[in-house]
Amino acid sequence: MRERFLDKKDGYNVAVVGATGAVGATMLEILAERDFPVAELMPVASSRSAGSAIEFKGKEYIVQDLETFDPSGVDIALFSAGGGTSKMHAPRFAAAGCYVVDNSSAWRMDDDIALVVPEVNPEALEMARDNKIIANPNCSTIQMVVALKPLHDAVPIDRVVVSTYQAVSGAGGKAMDELAKQTGQLLNSQSPEVNVFPARIAFNVIPHIDLFMDDGYTKEERKMMDETCKIMGADIAVTATTARVPVFYGHSEAVNITFGGPMNAERARMLLADAEGICVVDDPAGEDYPMPSEAAGTDPVWVGRIRDDHSCPNSLHLWVVADNVRKGAALNAVQIAEILIR
Ligand code: A2P
């Protein structure tokens, strides 16, 4: 048996950094739902919301300012307050002896930082024993690798071509407000205000998430390509097109997979049905398939439309949907915290 990450005790001191944000609020909800043994809860955010109150398990807690927050005595800090904030403050928490599970992209591709999806590569957590920082992967990547893993274990995957249809909650609370506001404005024949996204998101699809790079890909696409290989520990050829759609919660992905040996839809359906963290909903006759409207607020990665790609041998199509704020962010972080106290 492996050595524990944190000594056994009845409760752990947990800081949630970014507690007032969309992901932070869901982290609190999931800690409560899963009855995570919290001794002391410390909600932390910027000076803008320091002093305000948030609720956890029926009790009010005062939000503390990250700039002046002292991490001594914190066992686990769940960070979701942006990459710059993590770069600046996560090392300070780690130096105080606390495990940081960071939801930003700040540390993900560092060679000595664990990038972990508990259903896929929990063993990677070993890397965090010294540096104490663990990266939570990109939301679209998490749900895809959960679906790829059981298939790759059966027959190694050569190539993945993915197109995403990503919900606005992935861009935070202000982005959700923007979709709601623009929808109201357009339905009332007013001009929509564009502040958060690069273009109008209401009644639109924007093929642009995060910044463009010199090769014409966006950073979101690059994250999916690089993080998939790091998490799977395999040199898989991955290419991605990521788009933002006017959906509040739930990312959808059309995933095309080519295997290095024989694989077909029937076998894939059986492997996926038996896999941890996955629910298969795949009944064309009953017109049943995963959709964000049903995946939102749930924990599993939902997989459907499993079918052979007739254009290429040993190739399949999957349609993969998950709640991006839960499995794509907050739930994955709490699952990592659960391994740390196991
Ligand atoms: P605050 O409410 O004080 O701005 P979202 O992703 O939904 O936009 O939320 C972002 C979260 O990250 C919020 O809790 C926000 O706190 C927090 N945050 C953003 N910038 C900082 C910062 N510089 N220091 C601490 N927390 C920050």
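Each reported figure results from applying straightforward, stated rules to the coordinates on display, with no laboratory input. Because the structure is a prediction, the values reported are computed rather than measured. Here the Cβ is made from the backbone with ideal geometry for all residues, glycine too, and neighbour counts use every protein chain on show.
Taking amide H positions as placed in the peptide plane 1.01 Å from N, state which residues far from ALA243 in sequence (5 or more) or on other chains have amide H under 5 Å from it.
Those qualifying (amide H under 5 Å, at least 5 residues apart or on another chain) are THR164, TYR165, GLN166.
Could you give me the ³J(HN,Hα) list for the stretch 88-102, computed from phi with Karplus coefficients 6.51, -1.76, 1.60 and θ = phi - 60°, whole Hz, x at Gly and Pro?
Listing the rounded values in order: 6, 9, 4, x, 5, 5, 4, 5, 7, x, 9, 7, 9, 9, 10 Hz.
Contour minus end-to-end for ASN188 and MET291, with contour as 0.36 nm per residue of separation and end-to-end as the Cα-Cα distance?
34.3 nm
Between GLU338 and GLU123, what is 0.36 nm times their sequence separation minus the Cα-Cα distance? Round to one decimal in nm.
76.0 nm
In square nanometres, what is one fourth of the surface area of the convex hull spanned by the alpha carbons of the chain?
Answer in nm², one decimal: 19.2.
Per residue of the stretch 14-31, in order, report the coupling 6.51 cos²θ - 1.76 cosθ + 1.60 (Karplus, θ = phi - 60°) as ³J(HN,Hα) in whole Hz, putting x for Gly and Pro.
Per-residue couplings from phi come out as 10, 9, 10, 9, x, 5, 8, x, 4, 6, x, 4, 6, 4, 4, 4, 6, 4 Hz.
Report ³J(HN,Hα) in whole Hz for each residue of the stretch 301-307, in order, from the Karplus equation J = 6.51 cos²θ - 1.76 cosθ + 1.60 where θ = phi - 60°; Gly and Pro get x.
Each residue of the stretch 301-307 in turn: 8, 9, 10, x, 6, 6, 8 Hz.
What is the chain's relative contact order, in percent, from Cα pairs under 8 angstrom and six or more apart in sequence?
After rounding, I find 18 percent.
Determine, for each peptide in 308-319, 110-121, 143-154, the mean count of other beta carbons within 10 angstrom over its residues, then list the peptides with the highest first.
Order by mean packing, descending: 143-154, 110-121, 308-319.
Ratio of alpha-carbon Rg to the 2.2 N^0.38 Å globular estimate for the stretch 271-310, to two decimals, please.
Against the compact-globule rule of thumb, the ratio is 1.21.
Separation of the stretch 166-226 and the stretch 35-101 by C-alpha centroid, Å?
28 Å
So what is the calculated 222 nm ellipticity per residue for the chain, using -39500 (n - 2.57) for each DSSP H run with n of 4 or more, over all residues, to the nearest 500 deg cm²/dmol?
-8500 deg cm²/dmol
Along the principal axes of its C-alpha atoms, what lengths does the stretch 192-254 span, in descending order and rounded to whole Å?
44, 28, 15
Counting other beta carbons within 10 Å of each residue's own, what order do SER72, SER80 fall into, fewest first?
Final ranking by Cβ density, sparse to dense: SER72, SER80.
In terms of modelled amide H atoms, which long-range or inter-chain residues lie less than 5 Å from the amide H of ASP158?
Sorted by chain and number, the residues that satisfy this are THR258, PHE259, GLY260.
With r defined as the distance between the Cβ atoms of ASP210 and LYS9 and R0 fixed at 56 Å, what FRET efficiency is calculated, to the nearest 0.05?
Calculated value: 0.90.
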